Amino acid sequence: MAERISFITHRGHEIFYVDYASLKGQEFVDVIRACGRELQRCGKTRILLLINLENSVVTREIAGIMREDTAVTKQFVYKLAIVGANAFHRILASLVISATNNKLMHYFKEMEAAKDWLIE
C-alpha cells in the first residue's frame, strides 16, 4: 500500500503522488482509503496531487467511494493532475471533482507534463 502513495519531488516542489495504475476492486478501494488518511495525516494544505489511473478499473462503486473521500480531503488539495484517464475515467472523475469545486484540475497523457503543470 505504502508503495502506491508517496511524496515525490519535481524541480524542488513536493507533489503528493497516488498510483492507482492497474488497480481494481477491493485493492483500489483500499488505496483510496489509505490516500484519504494520508492526506489528512500529513498536516499540509495546498497539496499538489498527482494521480495515475493507467489501466485501472473504475466502477460506479469506486467512483462513489472516491466522492465520499474527496468530500473530506478537498480542503487539502490545491491542484490535481490526472494521468492515464480514459473516457470512462474522465466521466467518473468529473463527477467526483464536481463535488470538490476544484477548478485547478487537468488530465494528462504523460507524467512529466502533469508534474510540470502542477508546479506552475
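Tabulated results
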item: The chain, helix-only ellipticity at 222 nm - DSSP H runs n ≥ 4, -39,500 (n - 2.57), divided by all residues, nearest 500; result: -13500 deg cm²/dmol
item: Student exercise, the chain dipole from Lys, Arg, Asp, Glu Cβ charges, in Debye to nearest 20; result: 380 debye
item: Near-label residues of segment 11-50 by backbone N, under 17 Å of a point 7 Å along Cα→Cβ of I119; result: 11-18, 47-50
item: Among G84, H13, T70 the positive-end extreme of the charge dipole of the chain (Cβ point charges); result: T70
item: Net charge of Cβ neighbours under 14 Å - reference E68; Lys, Arg +1; Asp, Glu -1; result: +3
item: Charge sum, other residues only, whose C-beta stays under 10 Å from V83's C-beta, Lys/Arg counted +1 and Asp/Glu -1; result: -2
item: Difference of contour (0.36 nm per residue) and Cα-Cα distance, E14 to Y78; result: 21.8 nm
item: Estimated D of segment 2-119 in µm² per second, where Rh is the Kirkwood radius over Cα pairs and Stokes-Einstein applies at 37 °C, 0.692 mPa s; result: 234 µm²/s
item: Where a label projected 7 Å from the Cα of E27 along Cα→Cβ would reach, residues of segment 55-86 with amide N under 14 Å; result: 55-58
item: Lysine pairs in segment 2-119 with Cα atoms under 22 Å, if 8 or more residues apart or on separate chains; result: 11
item: Relative contact order computed over the chain (Cα-Cα under 8 Å; 6+ residues apart), in percent; result: 26 percent
item: Expected-Rg normalisation [2.2 N^0.38 Å, Cα atoms] applied to segment 1-68; result: 1.11
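Read-outs: derived from the displayed coordinates by stated rules, not from any lab. Just so it is clear, the model here is predicted, and its values are computed rather than measured. Note that each Cβ is placed from the backbone with ideal geometry, even for glycine, and that neighbours are counted across all protein chains shown.
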